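Where a number appears in this text, it was derived from the coordinates with a stated rule and is not lab data. This is a predicted model, so every value here is computed, not measured. Every residue, glycine among them, receives a Cβ derived from its backbone with ideal geometry; neighbour counts consider all protein chains shown.
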Amino acid sequence: MTAQVGFFPFMGFIVLIAVVLGRHSPSVGVSTALKVLLPLATVLYTLYYSWIYPLYVSPLRHIPTVPGFPLWGQFLTIITTEVGVAQREWHQKYGPIVRYFFPFGSERLSVAEDDAIKQMTVRNPYNYPKPDRARKWMRPVLGEGTSKKQTCSLCV
């Protein structure tokens, strides 16, 4: 299983490296180290999490995936078409379980198989926890108890 590091902790670590490098190097100051390392770290972080991770490292990489570049994902397709039309077309073309991307390599699963949905929502919901964002989004719609027990088949 791969560990993912958030952007701000990663950048904090880079700042720490820049400060240590700037203080212990006679030719490089802290401000110079920050000016070089912060943009470089931002580019490398974005490259890794929006291209390398989803295509080569992610545990979901073997699931049929909608073609496209993970940096911007299928977000424009989703917001410019009628609700569910894009996903329906993807399921017709790629099968009952499809992986697609939101911007910056954020992976999503779309599940259109009755047994899989029943497994995730009724038979064994505790093995399929929802991300915090999905839980917060679903709480006003479904209520507190439902959002804790059941899972969102689109948000993995």
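From helices alone, the chain scores -14000 deg cm²/dmol at 222 nm; the rule is -39500 (n - 2.57) for each run of n ≥ 4 DSSP H residues, then divide by the residue total.
Would you please classify the overall shape of the stretch 42-100 from the alpha carbon gyration tensor, given that a ≥ b ≥ c denote the square roots of the eigenvalues, rounded means a/c under 1.5, and beyond that prolate means a/b larger than b/c while oblate covers the rest?
Cα axes put the stretch 42-100 in the oblate bin.
The C-alpha atoms of the chain define a longest principal axis, and helix 132-142 lies at about 40 degrees to it.
Near Arg108, once Lys and Arg are set to +1 and Asp and Glu to -1 for all other residues with Cβ below 13 Å from its Cβ, the sum equals +2. Each Lys or Arg adds one and each Asp or Glu subtracts one; over the other residues with Cβ under 15 Å from the Cβ of Tyr56, this totals +1. The C-alpha atoms of the chain define a longest principal axis, and helix 30-47 lies at about 20 degrees to it.
Three principal axis extents describe the C-alpha atoms of the chain; from largest down they are 65, 35, 29 Å.
Over the chain, what is the relative contact order in percent, taking alpha-carbon pairs closer than 8 angstrom and at least six residues apart?
Computed over the chain, the figure is 16 percent.
Looking at the P(r) of the stretch 1-57, how many percent of alpha-carbon pairs lie beyond 13 Å? For the stretch 1-57, the share of Cα pairs beyond 13 Å comes to 62 percent.
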